[in-house]
Each structure stands twice: as structure tokens, then as C-alpha cells.
Amino acid sequence: MTSPFKKNINKVEATHNLAKNEIVELLTNDEINEELFQAADRVREKYVGNEVHLRGLIEFSNICSKNCFYCGLRRDNKNIKRYKLEPEIIIDFATKAATYGYKTFVLQSGEGNLYTLEEMLYIISEIKKLDVAITLSIGEKTEEEYRAYKEAGADRFLLRIETTDKELYKKLHPDMSHENRINCLKIIKKLGYETGTGCLIGLPEQTMESLADDILFFKELGADMIGVGPFIPNEDTPLKNETGGSFELALKVMAITRLLLPDINIPATTAMETLNHQGRLIALQSGANVVMPNVTEGEYRDLYKLYPGKICINDTPAHCRSCITGKIQSIGRTVSKEYGFRKQLR
Ligand code: SAM
Ligand code: SF4
Ligand code: FES
């Protein structure tokens, strides 16, 4: 018997639009999951093709002045050895990784004024000389700072909204403001960055309605990249006793996002692989077209501990590169040799 929710999938595959209640129906009914994943895979192939873009992730500092309840890098976590890489080391990691063929780097860290503006501009402009695209994931900054990074060569910025539920956001982010987060995203977009956002799946008290709002928010913002991942409880945070998000639900939110925003870039996130050892490949077959292998070297891979069970902590960038290439080829896809900018529909 055909599921009554199949009509929602047919509709969104053809129109890339769904009402909030239709998204909630898809999220709450698991009998249509396979159809949903297959539809997202078809839309991915039609709009962004079979190439997978690799972004080399450099986790350059785990120091953070914020206190997000879910994150192992939060400032009140004393059970973590903090580090901050020297600019020359960051540039060196990028230089080595560029020789493996990476055309994009993602520079990610905790928040705060860890580096002077001059140091950040130096890091960005030196890495830019490697003929690569640069994505920043360094949190909330002033408009002047965002502008200066852009002028120095940064192309993209990732700032997850985490949740569009204002009350929930407030509970999980002491001394942060939802309004400012949205404002930062608007500034990032206005400045001409490829704008990335996303949410955590399975936060305590998060509802299907609020996840539907998240997906509609991505569309309304006109995001170029969306990263969704399950929330994984960390022992050293106030949310240590929570259940966390499921792989399946994260995959569903990702697949619906692909159906609504057909031409954007969507990573198969590391947190998905933490919950399912084939997680990234399954995600690549359910709407994703990007993977972000870690190119940070040595002990820092382990010290950047957002949640337990992080993958690849004892591997080298060279090993991860060949591992992920093999996996991508095993599902009949190819690794892109391009920068991987969004090719927007007109
Ligand atoms: N500090 C910057 C920020 O918050 O935008 C960038 C780094 S932050 C570690 C990157 C992302 O990690 C966050 O946007 C959040 O969604 C994710 N994250 C943090 N703790 C997590 C957890 N316990 N499980 C899954 N993802 C987590
Ligand atoms: Fe800091 Fe980002 Fe973690 Fe929040 S999510 S504590 S801002 S590193
Ligand atoms: Fe790191 Fe497979 S991607 S070991």
C-alpha cells in the first residue's frame, strides 16, 4: 500500500516546496524513510551531480569564551587541555594538505579574540596563496571583522543557528543572543560570503515542529551550505545525561533540506559517522555532496573534542585522504578537483 506521505515526497521532489505541517509529517513518519532518502539522492544527482567536494578541516584552537551547554570546548570545561596553534603551524598544515589535492580549507576554532585581527588576516592571506577557497567557522564577530576577513580572501563562512527555537536557544547558550546569531548570518550574507548554517538534531526538548522551522529558516535565509548533525552528549558538559540525537533523524532532516534547497552544498557530517560507521557514505547517498576530512595533525585531532567517539583521531591527514577517496569511489562517485562553489540555479 502506498503511504499517504508519499505525496509529500512527490510534491517536494517536483516543486522544492513544502508547508511546515508537511515537513512535520515526513519527520514523524518513519515508514517513508527509504523513499525520502532516494528522492533526496535523485535531487542531489540532478542538481549538483556525482562529484563529492572535499574540504580540509583545520581545527586550529579549542579555546572558547562561550559556554554552549552541549559542547566539550565550552569555557567551563576544565577537563580539556587547551591549545592554540601558531599562525605558521596553521599555514603549514594547509600547505601540506594542499599537496594532497584539497581545493578548500575550513578553518575552525572556539570563539573569542584568540588571535589579533592582523594575525587572522595574515593566516587567511597566506593560505589563499595556495590557490584554494577558504571557509571560516570561528563564530560571532563584528561586521568590520567579517569584512576584513573577506577582503583578505575568505570565501565562505559557517555559522550554525543550532536551533531556531528561541526559548531553547536561550536555555542552551548562556550569555549569547539568538538575535545576534541571526544578525551575524545576515551580515555574512550581505558581505557576499557563501553562507553556511545548520542545526543540531536531538537537543533536549527539541520538537519536530522546531526542526521543521529550522529547515524553513535555511530556505528563507537563502543558505548556500547546510550542515546538520546529531547532538552527541559529552561527559564534561551539563547535557551529559541527555539521550542525544539519532542518526536516522539527522539523515531525515538532511534529506528534506536537500529536497527544499536542491542546488546547495551539504556535507555528510563527521558526527553522523560517529553514530554509524558508514554514516558519511549513507549521507552521501541521501542528499549530501561534501565531506570535510580532518587535516589537523598530531594530538590536536584528539584535543578538539566536541563530543566523544570522534572519528579519525589517531589517523594522519594522508591516511584520511586516501580512505575517504576509496569510500567515495566505492559508491560510484568521484572526488571533485574544483573549489566547490555553489552553482546556483537561476
Ligand atoms: N565556535 C564556532 C561556533 O560555535 O560556531 C565553531 C566551532 S563549533 C565547535 C562547531 C559546531 O560544533 C557547532 O556549530 C555545533 O553545532 C557543533 N557541536 C558542538 N558540540 C557538539 C556535540 N556535543 N555534538 C554534536 N555537535 C556539536
Ligand atoms: Fe564555543 Fe562553538 Fe563550542 Fe559554543 S559550539 S562552546 S561557541 S566552540
Ligand atoms: Fe579518516 Fe577514514 S576518513 S580514517
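The values are calculated or read from the model by the stated rules, or taken from the named source; none is laboratory data. All of these numbers come straight from a predicted model, not from anything done at the bench. Cβ atoms come from the backbone with ideal geometry, glycine included; neighbour counts cover every protein chain shown. Please note that ligands, DNA and RNA were not included when accessible areas were found on the heavy atoms of the full protein model with its side chains. Shrake-Rupley method; radii C 1.70, N 1.55, O 1.52, S 1.80 Å.
Results, tabulated for the structure shown:
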| item | result |
| --- | --- |
| Hits among lysines - C-alpha to C-alpha of LYS96 under 30 Å, sequence gap 8 or more where chains match | LYS81, LYS84, LYS128, LYS129, LYS141, LYS150, LYS305, LYS310, LYS327, LYS337, LYS343 |
| Folded to 0 to 90 degrees: helix 117-128 orientation relative to the chain principal axis, Cα | 70 |
| Tensor-based shape of region 29-117 (alpha-carbon gyration tensor, a/c under 1.5 rounded, otherwise prolate or oblate) | oblate |
| Solvent-accessible area of ILE89 with every protein chain in place, 1.4 Å probe, in Å² to the nearest 10 | 70 |
| With DNA, RNA and ligands ignored, accessible area of PHE231 (1.4 Å probe; Å², nearest 10) | 10 |
| Region 169-267: trypsin sites (Lys or Arg not before Pro) in DSSP loop, at most 15 other beta carbons within 10 Å | LYS240 |
| Angle between the chain longest axis and helix 33-48 axis [Cα atoms, degrees, rounded to 10] | 60 |
| Among CYS68, CYS184, CYS323, residue whose mean-square fluctuation peaks in a GNM of the chain (springs only between Cα atoms under 10 Å) | CYS323 |
| Unpaired by the 4.7 Å Cβ criterion, cysteines found in the chain | CYS64, CYS184, CYS199, CYS312, CYS320, CYS323 |
| Solvent accessible area, Å² - ASP165, 1.4 Å probe, full protein context | 50 |
| Efficiency of FRET from Cβ geometry, LYS78 and LYS343, R₀ 56 Å, rounded to 0.05 | 0.75 |
| Per residue, in Å², the accessible surface of region 126-238 once ligands and nucleic acids are set aside, probe 1.4 Å | 37 |
| Euclidean distance between Cα centres, region 116-166 to region 30-79, Å | 18 |
| Gain on full stretching of the segment that runs from GLU235 to LYS171 - 0.36 nm per residue minus C-alpha separation | 21.2 nm |
| Mean residue ellipticity (222 nm) of the chain, computed from DSSP H runs ≥ 4 via -39,500 (n - 2.57), nearest 500 | -12500 deg cm²/dmol |
| Length added when fully stretched, VAL335-GLU118, from 0.36 nm per residue minus Cα-Cα | 74.7 nm |
| Protein-only accessible surface order, largest first, of ARG75, ARG160, ARG55 at 1.4 Å | ARG75, ARG160, ARG55 |
| Sites ASN29 and GLU144 - FRET efficiency at Förster radius 45 Å, r taken between beta-carbons, to 0.05 | 0.45 |
| Percent antiparallel among DSSP beta bridges (both partners in the chain, rounded to 5) | 5 |
| The chain, relative contact order in percent, only Cα pairs under 8 angstrom and at least six apart counted | 25 |
| Length released on extending from GLU45 to THR207, taking residue separation times 0.36 nm less the Cα-Cα span | 55.3 nm |
| Test item: Cα-centred dipole of the chain, Lys/Arg +1 and Asp/Glu -1 on Cβ, debye | 560 |
| Radius, Kirkwood style, for region 163-302 when every pair of distinct Cα atoms is counted (Å) | 15.9 |
| Cα centre as origin, Lys/Arg/Asp/Glu Cβ charges: region 71-210 dipole, Debye | 220 |
| Radius of gyration, Dmax [region 1-156; alpha carbons; angstrom] | 21.0, 63 |
| Ellipsoid equivalent to the chain - semi-axes via the Cα gyration tensor, in Å | 30, 23, 20 |
| Positive-pole candidate from ILE201, LEU249, CYS184, dipole of region 163-260, charges at beta carbon | CYS184 |
| Low-density loop positions, GluC sites (Glu not before Pro), region 211-273 - DSSP coil, at most 16 other Cβ in 10 Å | GLU235 |
